[in-house]
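Undergrad: Before we start, here is the structure in question, set down as structure tokens.
The values are calculated or read from the model by the stated rules, or taken from the named source; none is laboratory data. Everything numeric in this text was worked out from a predicted model, so none of it was measured. Cβ placement follows ideal geometry from the backbone for every residue including glycine, while neighbour counts extend to all protein chains displayed.
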Amino acid sequence: MKLSIVEKVGFGAGDMAINVVIVAMQLLLAYFYTDIYGLRAADVGVLLVIVRMIDAIIDPAMGMLTDKVSTRWGRYRPWLLWFAIPFGFAVYLMFITPDAGYTTKLAWAYFSYILMTLVYTAITIPYISLIGVITSDPEERLSANGYRFVMTKIAAFLVTIVVPLLAVWLGQGNKALGYQLSMGIMGAMGAVLFIFCFLTTRERSEPELPVLTVKQQFSNLLRNDQWLILGIVIMLLMCGYVIRGSVAAYYAKYYLGGGDSLISPFLTAGVVASILAMIATTWITKFWDKIKMFRYTQLMTFALSAAMYFCVGQENLLLAFVFYFLINFFCDMQMPVFWSSIAEAVDYGEKKTGLRVSGLAFGGILFFQKFGMGIAGGVLGFLLSYFGYEADTQQSARSLVGIALMMTIIPAFFHLITGLLMKKYIINNQYYRSIQAELAQRQA
């Protein structure tokens with residue numbers, strides 16, 4: 001089934017809304033909590049781990065719930081309408097800085113972050129499941145994900161450029177108030193985008209879902225070796241991406257010595273690279289095997305990250321921008337391939353076991369994603385504390401070395417393991433067509 005450009009843009013609008021939160025959490029949240037909100041780095045590490053572990057446990061349950069709900073609008077689209085406004089409001093609450101003591105502020109951070117992740121889960125799992133029912137054509141899925149990730153990076157552009165500028169303008173010297181208001185605007189935009197996604201997409205298929213117990217669903221998923229590979233891969237990718245992305249603001253401000261004014265341009269270089277990566281992926285996969293591209297771009301990310309540590313000194317501002325641009329370009333080329341592969345791994349599991357597990361499969365992938373983000377957030381906070389980081393002051397030589405390591409060498413190893421592991425993943429377009437043919441034959 002060919003999708004119209006309007007539907008592809010509408011589908012992408014949903015992920016644009018999601019990435020208002022994702023990008024804020026990956027690139028700004030740790031910096032916001034330490035340098036603006038006023039939390040200690042070690043406390044931020046514990047907060048990120050605990051909330052992400054709670055969130056990760058909830059994801060599979062939400063996946064199973066989506067399998068049980070069916071409406072005249074479909075199985076997945078209604079959730080986008082139901083939770084659009086709660087999503088926008090939760091974004092706003094997460095960036096409120098109470099005028100209170102440290103313990104109260106820490107408690108508010110836990111409450112607002114947990115609330116945000118619950119609403120985020122309720123709307124994100126149905127959204128990522130949507131790609132499996134709007135079309136069964138693998139090339140159209142890849143194309144739709146290409147649109148999706150370009151719009152994702154537009155959201156990243158807004159969060160990394162517009163939010164800091166709005167925070168200064170709206171805050172009038174009060175950075176905490178500025179971030180509260182600017183992220184409130186982003187939350188409102190996210191709510192509108194989810195409603196637009198609901199209105200412009202259609203669910204064209206509704207796979208017959210067998211009545212399985214939770215134990216049976218888990219058992220079938222664990223027999224799906226390709227799904228397990230995707231789960232481990234997204235966990236590794238999140239570890240590398242979140243550690244590097246979260247420390248980028250610290251790297252620009254302290255290691256490169258640019259202060260607050262360099263944070264936005266530096267993060268923007270990575271966002272621009274990611275947008276170009278989405279465009280390049282759509283073109284390259286037309287003549288190069290998408291799984292090979294996935295594998296080799298991660299190995300290139302490893303090589304560039306390691307080289308950045310040894311080649312970029314504190315005085316090499318231009319070279320730092322060049323390396324950060326290239327790392328983000330090669331790292332993010334995998335994104336459209338990965339997220340279109342989940343639905344294909346679900347079909348592979350049905351072919352292998354004779355039973356289809358869809359909702360839990362998508363929820364399980366988010367479990368791995370959140371687990372990786374939790375590990376990364378904890379590592380970031382604990383390492384900042386270990387290397388002696390002090391917020392908004394001149395850093396020690398030890399702290400600067402730690403920031404450089406977290407920017408380069410540490411995430412590099414996660415990308416290396418990802419590139420090696422993808423050697424075991426076999427579902428390229430040609431193989432997937434054989435899966436589709438066999439499933440169609442069984443139904444006939």
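Undergrad: If you go through region 264-275 one residue at a time, do you hit one that is modelled with pLDDT under 90, within 29 Å of Glu344 (Cβ to Cβ), under 18 Å from the mean Cα position of the chain (by Cα) and of a type in the set (S, T, N, Q)?
TA: Yes: one or more hits.
Undergrad: For Val357, all conditions in the list (1) of a type in the set (Val, Ile, Thr); (2) part of a helix (DSSP H, G or I); (3) crowded, with 16+ Cβ neighbours inside 10 Å hold save one; what is the number of the exception?
TA: In the conditions (1) of a type in the set (Val, Ile, Thr); (2) part of a helix (DSSP H, G or I); (3) crowded, with 16+ Cβ neighbours inside 10 Å, Val357 misses (2) alone.
Undergrad: Return the residues of region 378-411 that are over 23 Å from Phe321 (Cβ atoms), in a helix (DSSP H, G or I) and of a type in the set (Val, Ile, Thr); say none if nothing qualifies.
TA: Val379 - this is the single residue of region 378-411 that is over 23 Å from Phe321 (Cβ atoms), in a helix (DSSP H, G or I) and of a type in the set (Val, Ile, Thr).
Undergrad: Still on this structure, I have one more. Output the residues belonging to region 421-444 that are in contact (Cβ under 8 Å) with a residue 24 or more places away in the chain, assigned to a helix (DSSP H, G or I) and closer than 17 Å to Met293 by Cα.
TA: Once the filter is applied, which keeps residues that are in contact (Cβ under 8 Å) with a residue 24 or more places away in the chain, assigned to a helix (DSSP H, G or I) and closer than 17 Å to Met293 by Cα, region 421-444 yields Leu421, Met422, Lys423, Lys424, Asn429, Tyr432.
Undergrad: Shifting gears a bit: Please find, among Val91, Val119, Val162, the residue that is among the hydrophobic types (A, V, I, L, M, F, W, C) and closer than 29 Å to Ala280 by Cα.
TA: Val162
Undergrad: To continue, here is another question. Just need a number here: residues in region 233-263 that are of a type in the set (Gly, Ala, Ser), in a helix (DSSP H, G or I) and surrounded by fewer than 19 Cβ atoms within 10 Å (Cβ to Cβ).
TA: Total satisfying the criteria: 1.
Undergrad: Please work out which residue is surrounded by the fewest Cβ atoms within 10 Å (Cβ to Cβ), limiting yourself to region 17-33 and to residues that are at pLDDT below 90 and farther than 18 Å from Ile114 by Cα.
TA: Taking the candidates together, the pick is Tyr31.
Undergrad: Taking region 176-188 as the region of interest, how many residues are surrounded by fewer than 22 Cβ atoms within 10 Å (Cβ to Cβ) and either small (Gly, Ala, Ser) or at pLDDT below 85 (or both)?
TA: 3
Undergrad: Among Ile96, Ile123, Ile114, which is the only one that is within 25 Å of Asp35 (Cβ to Cβ), at pLDDT 90 or above, among the hydrophobic types (A, V, I, L, M, F, W, C) and part of a helix (DSSP H, G or I)?
TA: Ile114
Undergrad: Can I ask one more? Look at region 103-121 and say how many of its residues are under 25 Å from Thr66 (Cα atoms) and not β-branched (Val, Ile, Thr).
TA: Matching residues across region 103-121 total 6.
Undergrad: Among the listed residues Ile417, Ile375, which satisfies the condition of being over 30 Å from Gln216 (Cβ atoms), in contact with a helix residue (DSSP H, G or I) (Cβ under 7 Å, 6 or more places away or on another chain), part of a helix (DSSP H, G or I) and among the β-branched types (Val, Ile, Thr)?
TA: Ile417
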